[in-house]
Amino acid sequence: MNIHVEIKEKAVELMRAKGIKAMILSPSSNMFYITGFNTFPGERLLINVLTDSGQSIFIAPKLYESEVREKAEFDELYSWNDNQDPGEIIKALAEKHSLHSCTIAIEETMWFTVFDKIFDTLESVKYVHASEITGELRQCKTSFEADKMRRASKIADRALSNILNSIKPGITEAEVRDMLEAEMRVLGAQGPSFPTIVGSGLNGALPHHSTADRVLKEGDAVVIDFGCIADNYCSDTTRTIVVGEASEKFKKVYEILKTAQQLAIESVRPGVRAKEVDYAARKYITDNGYGEYFIHRTGHGAGLEVHEMPYITEDSQVILKPRMVFSIEPGIYLEGEFGIRIEDLVMVTEDGVEVLNSFSKELIEL
C-alpha cells in the first residue's frame, strides 16, 4: 500500500475516534505527510480537506493543478482561477459533506487570509488544531520513515567528520557553517534542516547563537549544532569541540555533561514518561553543581520537521512508544566563559533505545 494512503487511513480512524468531521491542511509538512504533496505556502487558497468518510479533496489554484495531480494522493480536485472566488468551492463542499455545525481540525501554520476565507464560509464550526491528529500520528515513525532518519543522521555525522581537520584558528564561524552545509549536500542531503549554529568562545554560551564572522581562536570551545534533510526527513545533532587545548575546567564540565546525556539515553524505553528522560540528565547536572546553567528542555521530536512532537521536558506526561524519534541534548552554558551541548537523535525500540548518531562524544581537541 502507498505510504500516504496508509497514513490517511490512520488519520481518518483517529478523526472518527475524536469526533472530528474534517481536517483542513494548507501547504506544510502535514500536507505532505497525509497526501504526498507540498509546496511553498502562498497567499492563494490551496488546501486539502480530509473528511471522516475518508474522502481526500484538494482545492488548488489552476497554476498548481498539474503538480497536485502528479504528486498527491486524493479523491477529488477542484481548481480555480485568479478571477474566481474559491470560497464558492468551499461552500459547495460544505453542503456536499455536511461541514456545518461540526468540529474541524485545521492547520496551525495556515496563512490568515486562507483561514479567514474558510472561517467566513463554514458556519457554526468548532476549530481544533490539526496536530490533534497529525501530531499523534507523526510521533511514531513507520519503518520507512525510520530508515530515512537513519540516513539523514549518517550524512550529518560523515559531514562533520570530513571537515573536522579544516576547523582551526583563523577561520570564522560562518566558514565552518558553510563548509559543513556544503559537505552535507555533497553527501546527498537536500540541504540543512535548520540554519547551522556555530558558536565559538563566548558565543557558545548562547544556545541559539546566530552564526557570525567571529574568528576562531586558540583554546576556543566551539558548539556546532547542525542537521540535514535527506529524503524529506530531518536530522539534528550537536558536538562541542575545542580548537587547541581545553582548560581543566572545560574538561570537568564536559565530562559532567557527557555523562548526563548518556544517563538520559539509557533511561529511554517504552512506557517511560518523557519527563523521566529529562530528569535523568537534569538531576546529574544539578547534583554536580551546574543545574542553573542547563536552561532548556532536554529534547524534541524530529521527523519531517526538525522540531515536532514529542517534547522531552520537565513536566511532559507523554509516554514513550516504539519508533518515537527525538533528540537528547542537555547543555551547560557559562556566560562569559563557554558553552557545551551534546546532542543525538534517538529512536525508542521495542525494548530500549537506538541512537541514530555515531559521531564520537569523546572530547576532541584539534
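Each reported figure results from applying straightforward, stated rules to the coordinates on display, with no laboratory input. Note that this is a predicted model, so its numbers are computed, not measured. We place every Cβ from the backbone using ideal geometry, glycine too, and count neighbours over all the protein chains shown.
Protection proxy ranking, highest mean first, for peptides 344-350, 244-250, 127-133, 29-35: 29-35, 344-350, 127-133, 244-250, where packing is the per-residue count of other beta-carbon atoms within 10 Å, averaged. The eigenvalues of the Cα gyration tensor, multiplied by 5 and square-rooted, give segment 288-362 an equivalent ellipsoid with semi-axes of 24, 15, 12 Å from largest to smallest. Using the Cβ of residue 54 as centre and a radius below 13 Å, the other residues enclosed give a net charge of -3, where K and R count +1 and D and E count -1.
Please give the net charge around residue 188, taking every other residue with its beta carbon less than 15 angstrom from that of residue 188, where Lys and Arg add +1 and Asp and Glu add -1. So the surrounding residues net to +1.
Find, to one decimal place in angstroms, the Kirkwood hydrodynamic radius of segment 73-205, where the mean of 1/r is taken over every pair of different Cα atoms and then inverted. About 19.7 Å for segment 73-205. Convex hull volume per residue, computed on the Cα atoms of segment 140-355, equals 101 Å³. Available extension along the chain between residue 335 and residue 317 is 3.3 nm, counting 0.36 nm per residue and deducting the alpha carbon span. Dividing the Cα radius of gyration of segment 1-100 by 2.2 N^0.38 Å, with N the residue count, gives 1.03. Just round it to a whole percent: the fraction of Cα-Cα distances in segment 1-54 exceeding 13 Å. Counting pairs separated by more than 13 Å, the tail of P(r) holds 58 percent. Note on residue 295 and residue 168: the model spin-label points, each 7 Å out from Cα along the C-beta direction, lie 3.4 nm apart. Counted residue by residue at 0.36 nm each, then reduced by the alpha carbon distance between them, the extension gain from residue 9 to residue 360 reaches 122.3 nm. Along the charge dipole of the chain, which of 121, 352, 172 sits closest to the positive end, that is, farthest toward it, with unit charges on the beta carbon of Lys, Arg, Asp and Glu (+1, +1, -1, -1)? Working it through, the farthest residue towards the positive pole turns out to be 352.
Neighbour counts of other Cβ atoms within 10 Å put 3, 229, 241 in the fewest-to-most order 3, 241, 229. Computed over the chain, the convex hull of the alpha-carbon atoms projects to a mean area of 19.3 nm².
If the label point is 7 Å along Cα→Cβ of residue 101, which residues in segment 109-140 have backbone nitrogen under 18 Å from it? Residues passing the 18 Å test: 121-127. Kirkwood analysis of segment 100-163, using all unique Cα-Cα pairs, places the hydrodynamic radius at 15.0 Å. Site pair residue 273 and residue 120 shows an inter-label distance of 4.7 nm when each label is modelled 7 Å from Cα along Cα→Cβ. Here the 3J(HN,Hα) profile of segment 271-284, calculated from phi with Karplus coefficients 6.51, -1.76 and 1.60 at θ = phi - 60°, is x, 7, 7, 4, 5, 6, 5, 4, 4, 4, 6, 5, 5, 5 Hz, Gly and Pro shown as x.
In a Gaussian network model over the chain where Cα atoms closer than 10 Å are linked, find which of 136, 108, 43 has the largest mean-square fluctuation. Fluctuation is largest for 43. Dipole magnitude for segment 61-132: about 100 debye, using +1 per Lys or Arg Cβ and -1 per Asp or Glu Cβ, origin at the Cα centre. Per residue of the chain, the DSSP helices (runs of n ≥ 4 H) give a summed -39500 (n - 2.57) that works out to -11000 deg cm²/dmol at 222 nm. The distance between label points at residue 108 and residue 62 comes to 3.7 nm (points 7 Å beyond Cα on the Cα→Cβ vector). Ranked from largest, the principal axis spans of the Cα set of segment 137-194 equal 47, 18, 16 Å.
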